[in-house]
Amino acid sequence: MKIGLHEPLFKGNEKKYLLDCIKTNWVSTSGKYLNLFEKKIKKITRSKYVVPVLNGTIGLHISLITLGVKNGDEVIVPSITFIASVNSINYVGARPIFMDVDKYLNLDEKKCIEFLQKHTFMKKNICHNKKTKKAIRAIVIVHTFGNAAKFDKLHNLCKKKNIKIIEDAAESLGTKYTSKKFKNKHTGTIGELGVISFNGNKIVTSGNGGAVLTQDKKLYKKCRYLVFQAKDNNVNFIHNEVGYNYSLSNISAALGTAQLEMLNSNLDKKNKINKFYSDSFLKVKGANILQSPEYSKNNKWLNLLVLDKPLSKKTRAIFNSKTIQFRPIWYPNHLQKKYLHCQKFKINYANKIFKKIICIPSGPNLRNSQLKKICNFLKKALND
């Protein structure tokens, strides 16, 4: 059987909770597991408010709407991220401004600060782009591959510039800051809104699913209102705004609840897998495992093998392996056909690094024998 990139691990109460939903007929958009799911997310992240949604992309979309981002506005986003982070901006009629990434593949804080200081102006307490004269309403901070992004100084500047922060924490459940301004805070709980994904390839899964996090009661009420079809009168079906059918089902929440019970166990397994890979490639010339930032405790969601040189045509053949699943990282979004016309600022590192990375299997169900097989396969492929 082929070793997958990130297969889910079901060894807890998943079957029990799912059967309970079926037995009691509570399978749709209300039920006890939705309440349990919310409570568990709150406890893990220390977020005051949680709105479960159908997936992470929807979480980003509804976050932008909740914060008032609209047609003609602009939103800053890193170029290297899953395209959902960018497409959600397009959904509301706004336009992305692409930023470079740092060595951890997160938004380059220094370059972003430079852009905001030198290439924007304030008008009526709204930040505007000097080049386009458009309002910059928000910034999407992505915690890429589970690594916490560095944005403490940028956070201060965004406050001054009245730019709202959405944290795309889709991949970083379980990641916390350990030093400085954000110490002990979970990713997704610092900006105005944060988004977690529970897709099948995440550290825990609800099949599909996501959640919007916030510490702001007003934003929570607005977000929840929109997610549940903007109901102003449940009895008489009065809707004074355009709402969305974005709420998670009880049956998905049941699976997610059981999975959240296994989060600490999965985090422990993730750390062991990361150490195995790091030790295995410690003395391999021209290749190393991407390490996590020193200012945070990261969930090690996906391990990346970083090469000194771009992948050759011969080496790229590993992506066609019939026994082990590998993949490259995302193609930079500023180079995507749909977004070629969008503004980008001093993108350099992203243009180079995406050609040098191999994503390697990282699921919590991996055995040592499989890890050895993966390492041996890669070492042979790199030496051939």
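Each value in this text was obtained by applying a stated rule to the coordinates, not by laboratory testing. As the structure is a computational prediction, the values presented were derived from the model and not from experiment. Counting neighbours? That spans all protein chains shown, and the Cβs are built from the backbone with ideal geometry, glycine included.
With +1 on each Lys and Arg Cβ and -1 on each Asp and Glu Cβ, how big is the dipole of the stretch 225-326 about its Cα centre, in debye rounded to the nearest 20?
Numbers: 14 positive and 7 negative charges, 194 e Å.
The dipole magnitude comes to about 940 debye.
Can you list the GluC sites (Glu not before Pro) in the stretch 203-301 that are in a DSSP coil and have 10 or fewer other beta carbons within 10 angstrom?
On the way: sites: GLU241, GLU261, GLU294; in loops: GLU241, GLU261, GLU294.
Within the stretch 203-301, the qualifying GluC sites (Glu not before Pro) (loop, at most 10 other Cβ atoms within 10 Å) are GLU294.
Which whole-number percentage describes the relative contact order of the chain, with Cα contacts under 8 Å and a sequence gap of 6 or more? Please list the in-between numbers first.
On the way: 818 pairs, mean separation 92.1, N = 384.
Reported relative contact order: 24 percent.
Assign unit charges at the C-beta atoms only (+1 for Lys and Arg, -1 for Asp and Glu), then state the dipole size of the stretch 263-383 relative to its Cα centre in Debye, rounded to the nearest 20. All intermediate terms of the calculation are to be shown ahead of the outcome.
On the way: 26 positive and 4 negative charges, 89 e Å.
Charge dipole, the stretch 263-383, about its Cα centre: 420 debye, nearest 20.
Principal axis extents for the stretch 263-383, Cα atoms only, whole Å, descending order, please.
Each principal axis gives a Cα extent; for the stretch 263-383 these are 47, 35, 26 Å.
Hey, got the dipole for the chain? About the Cα centre, +1 on K and R Cβ, -1 on D and E Cβ, debye to the nearest 20?
The calculation lands at about 920 debye.
For the charge dipole of the chain, defined by +1 on Lys and Arg C-beta atoms and -1 on Asp and Glu C-beta atoms about the Cα centroid, which residue among VAL140, ILE324, PHE276 has the Cα displaced farthest towards the positive pole?
Going by the Cα projections, it comes out as PHE276.
Among THR29, TYR17, THR66, which residue has its Cα furthest toward the positive end of the charge dipole of the stretch 1-69, with +1 on Lys/Arg Cβ and -1 on Asp/Glu Cβ?
Among THR29, TYR17, THR66, the one farthest towards the positive end of the dipole of the stretch 1-69 is TYR17.
Are there chymotrypsin sites (Phe, Trp or Tyr not before Pro) in the stretch 169-254 that DSSP marks as loop and that have at most 11 other Cβ atoms within 10 Å, and which are they? Could the numbers behind the result be given before it?
Numbers: sites: TYR177, PHE182, PHE198, TYR220, TYR225, PHE228, PHE237, TYR244, TYR246; in loops: PHE198, PHE237, TYR244, TYR246.
Here the sparse-neighbourhood loop sites are PHE237.
Compare the Cα positions of ASN234, CYS127, ALA169 along the charge dipole of the chain (+1 at Cβ of Lys, Arg; -1 at Cβ of Asp, Glu; about the Cα centre) and return the one farthest towards the positive end.
CYS127
Among the listed pairs LYS48/LYS159; LYS43/LYS111; LYS39/LYS372; LYS40/LYS183; LYS270/LYS355, give every one whose C-alpha distance is greater than 32 Å.
Pairs exceeding the cut-off: LYS43/LYS111; LYS39/LYS372.
Starting with the highest mean, order 184-197, 361-374 by the number of other Cβ atoms within 10 Å, averaged over the residues of each peptide. Could you put the intermediate results ahead of the total?
On the way: 184-197: 24.6, 361-374: 17.3.
Ranking the peptides 184-197, 361-374 by packing returns 184-197, 361-374.
So what are the ³J(HN,Hα) numbers for the stretch 121-129, from phi and the Karplus equation (6.51, -1.76, 1.60; θ = phi - 60°), rounded to whole Hz, Gly and Pro as x?
After applying 6.51 cos²θ - 1.76 cosθ + 1.60, I find 9, 9, 8, 6, 6, 10, 6, 10, 7 Hz.
Which peptide among 75-81, 146-152 comes first, and what is the full order, when sorted by highest mean count of other Cβ atoms within 10 Å?
Details: 75-81: 27.3, 146-152: 24.7.
Result, highest mean first: 75-81, 146-152.
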